[in-house]
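The values are calculated or read from the model by the stated rules, or taken from the named source; none is laboratory data. The model shown is predicted, which means the values in this text are computed figures rather than measured ones. Reconstructed Cβ throughout: ideal geometry from the backbone, glycine too, with neighbour counts over all protein chains shown.
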Ligand SMILES: *Cc1c(COP(=O)(O)O)cnc(C)c1O
């Protein structure tokens, strides 16, 4: 996610990194001796390419995945850039006699796949390969293992690069690397070099929310120490002449890790443009080097433009920068029209405010006793909000317990990459026990017979026992303590918790409150009986949203929060003991697709339920009950907001569209947004009010919002 976030430090450093790459190819300090040149181009500048890999990894690699769409896009885009760059360098290839080389075809293939058809272009195929490997590792393994695997690749690369002098002395290694070098000129390529940095970038993206002042100091210290170490390492390797090439150092990944953290903390203005500019500098600078030399020769300016390596470097940098800025500006102006954000073309869409979600999670957590954790209830597509977006965001911010209604919802969460506990609140067919185990899901034991049947599957599943304390829906009856104890002793069931559900915790009426108290007492009685018999219950939980809001004093291990997490109450008139400052997370919107004038007396829609009492203006909205918008809000019972004004629904809501009366609302145009459920403020369109108007509660209204809107 981090959708609204931007990282100026990273943007600035992109340009710096591009200039470092130019340094590698121009050796600006060579005037001041070989060592100075080595330090600048072979040590300091070696941060540049790993930085680019990490930046790509930062925005691309994640263990949370809905599908492989993002990776596919990245590969496609990079391949397109690579193809263009290859074509751009064909003239220089011709000039350098590239096409006359021996074994042309195998070498060409090798260059395209690994080494690049011009000396700097290896970066692009390495990006593609590195991204794919990094992505696959992170999706398949957890970060630790992915990191381990990428590091092994890196070490293999290391001994074919900076440490090759050592491997050369060992015959087995020597022949191993000899065969490697038949396929790729270097080990600093997409297989051995890039993946580690991609994984590192992704890892940082998922963990950088917790940045604090201390982290800042740590990253500066860490970078300084690691850089000094890398410096020493490089000079030693250089001194002993062990290097075959000098891209890979043992301390480089650590240096990059801390450097990246430092850059994340830089504050400033957003400069997304620098992204394209730096890429362009990277790709074009060898051409600029040639052009500057040519220019120098033609105008006899060699002594100014070329002979002084520092001046030469600066001129190449400036010329590359100027060219790239003009190039990207032109590209921006004339590029083929692309997608402008996904909501532009959607007929009806939900907007999710993740900051509000985070706020609610924090507020709820704050209202719980300290040892109690939030179990986020994300059943029914997270109450219509979209389970992927909601659960991954919560998981990233540290929520580690989730509840779903069905096994398939649970499996889906695992496929998204959610780690932590996932409790299935509803029934699962016992024949799916193997899947429960495979995806590490916890099953609710809905009664004793069910528990026995599940046990007989001999699979070994984790479970929570549900206790019926008066709702009479799911659960073992509280008075059957013996049966509950038997469940604890079942061989193939690992009881991880025990819970109950309150059926009128939302009501503060004395008789309802008394009933709730009775439910709570019954539950604690069961727990006490079990403990008396020497059974320890790992976790207990009772409250859902209203349970917390009205009985905040209960000290359990979890609160199973659903509706409150999404920032609304079920009904507008509900009062609660705790009055938390919760913020709605979802808005439901659509766009005006047609505006038409209706004369007095004409009708609109099915059944002619709307007849104009005056000449009217009607807007057609492409959303209906097929999208989950309640049909019983037809005929003025419901309304939408357009341009900040309310427009009543005209006639019947259809399956896929509806009409609203916009007579008197000024300046409505086709394409304008219309809000049906709104997040902000004390507003008629907040979910509880809309729900109440349709004789329901927010929970139903929200979770019915259809797939077509997400
Ligand atoms: C749905 C559900 C919840 C969440 O309820 P909210 O009122 O939305 O917080 C909690 N526990 C169980 C058993 C549920 O089915």
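When only residues in region 507-517 that are part of a loop (DSSP other than H, G, I, E, B) and within 16 Å of the ligand (Cβ to nearest atom) count, which is nearest to the chain's Cα centre (by Cα)? Looking at residues that are part of a loop (DSSP other than H, G, I, E, B) and within 16 Å of the ligand (Cβ to nearest atom), I get 507. The residue that is nearest to the ligand (Cβ to nearest atom), among those in region 373-400 that are buried (at least 23 other Cβ atoms within 10 Å of the Cβ) and assigned to a strand (DSSP E or B), is 377.
Results for (1) away from the ligand (no atom under 16 Å from the Cβ); (2) in a strand (DSSP E or B); (3) crowded, with 17+ Cβ neighbours inside 10 Å, shown as yes or no for each residue.
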{"site": "432", "(1), (2), (3)": "yes, no, yes"}
{"site": "444", "(1), (2), (3)": "no, yes, yes"}
{"site": "450", "(1), (2), (3)": "no, no, yes"}
{"site": "459", "(1), (2), (3)": "yes, no, yes"}
{"site": "466", "(1), (2), (3)": "no, yes, yes"}
{"site": "474", "(1), (2), (3)": "no, no, yes"}
{"site": "501", "(1), (2), (3)": "no, no, yes"}
{"site": "505", "(1), (2), (3)": "no, no, yes"}
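Only one entry in 59, 38, 74, 52 is over 36 Å from the mean Cα position of the chain (by Cα) and either within 25 Å of residue 306 (Cβ to Cβ) or assigned to a helix (DSSP H, G or I) (or both), namely 38. Would you mind stating whether residue 479 is in a loop (DSSP other than H, G, I, E, B), more than 33 Å from the chain's Cα centre (by Cα) and more than 16 Å from the ligand (Cβ to nearest atom)? Yes: the conditions hold for residue 479. Evaluated against (1) assigned to a helix (DSSP H, G or I); (2) within 16 Å of the ligand (Cβ to nearest atom), residue 626 falls short on exactly one condition, (2). The C-beta contact set for region 434-449 (first residue under 15 Å from residue 402 (Cα atoms), second residue within 16 Å of the ligand (Cβ to nearest atom) and assigned to a loop (DSSP other than H, G, I, E, B), distance under 6 angstrom, 6+ apart or interchain) comprises 443/428; 444/425. Looking only at region 596-614, residues that are in contact (Cβ under 8 Å) with a residue 12 or more places away in the chain, assigned to a loop (DSSP other than H, G, I, E, B) and surrounded by fewer than 14 Cβ atoms within 10 Å (Cβ to Cβ) come to 4 in all. Just to be sure before I move on: is residue 551 within 11 Å of the ligand (Cβ to nearest atom) and assigned by TED's automatic domain parsing to the domain that holds residue 354 in the structure I sent? For residue 551, the condition - within 11 Å of the ligand (Cβ to nearest atom) and assigned by TED's automatic domain parsing to the domain that holds residue 354 - is not met. In the set 568, 593, 617, 577, only one residue is within 16 Å of the ligand (Cβ to nearest atom) and surrounded by fewer than 21 Cβ atoms within 10 Å (Cβ to Cβ); that residue is 577. With respect to the conditions (1) touching a residue at least 60 places away in the same chain (Cβ under 8 Å); (2) touching a strand residue (DSSP E or B) at 6+ places or on another chain (Cβ under 6 Å); (3) more than 16 Å from the ligand (Cβ to nearest atom), residue 560 lacks only one, and its number is (3).
Screening residue 375 on (1) at positive phi; (2) under 31 Å from the mean Cα position of the chain (by Cα) shows it passes everything except condition (1). Among the residues of region 580-590, those identified as surrounded by 14 or more Cβ atoms within 10 Å (Cβ to Cβ) and in a loop (DSSP other than H, G, I, E, B) are 580, 582, 583, 584, 585.
Can you list the helices (runs of 4 or more DSSP H) found entirely within region 276-369 that contain at least 3 residues being assigned by TED's automatic domain parsing to the domain that holds residue 19?
Hits in region 276-369: 302-305, 309-334.
So, residue 454, is that one out of contact with any helix residue (DSSP H, G or I) (no Cβ under 6 Å at 6 or more places or on another chain), surrounded by 23 or more Cβ atoms within 10 Å (Cβ to Cβ) and not assigned by TED's automatic domain parsing to the domain that holds residue 143 or not? No: the conditions fail for residue 454.
With respect to residue 263, determine if the residue is modelled with pLDDT of 95 or more and out of contact with any strand residue (DSSP E or B) (no Cβ under 6 Å at 6 or more places or on another chain).
no
Of all the listed residues (340, 356, 276, 308), the sole one being surrounded by 12 or more Cβ atoms within 10 Å (Cβ to Cβ), within 27 Å of the chain's Cα centre (by Cα) and at pLDDT below 95 is 276. A single entry from 535, 540 fulfils the requirement of being within 16 Å of the ligand (Cβ to nearest atom), assigned by TED's automatic domain parsing to the domain that holds residue 488 and touching a helix residue (DSSP H, G or I) at 6+ places or on another chain (Cβ under 7 Å): 540.
Which residues, counting only those in region 413-427, are in a helix (DSSP H, G or I) and more than 16 Å from the ligand (Cβ to nearest atom)? The answer is 414, 415, 416.
When 620, 677, 649, 642 are screened for being touching a residue at least 12 places away in the same chain (Cβ under 8 Å), assigned by TED's automatic domain parsing to the domain that holds residue 590 and under 16 Å from residue 597 (Cβ atoms), only 620 passes.
Residues of region 671-682 that are more than 11 Å from residue 572 (Cα to Cα) and assigned to a loop (DSSP other than H, G, I, E, B): 671, 672, 678, 679, 680, 681.
Restricting attention to region 482-498 and to residues that are within 23 Å of residue 559 (Cβ to Cβ) and touching a helix residue (DSSP H, G or I) at 6+ places or on another chain (Cβ under 8 Å), the residue that is nearest to the ligand (Cβ to nearest atom) turns out to be 498. Taking the criterion of being within 16 Å of the ligand (Cβ to nearest atom), surrounded by fewer than 20 Cβ atoms within 10 Å (Cβ to Cβ) and not in a helix (DSSP H, G or I), the only residue of region 698-710 that qualifies is 704.
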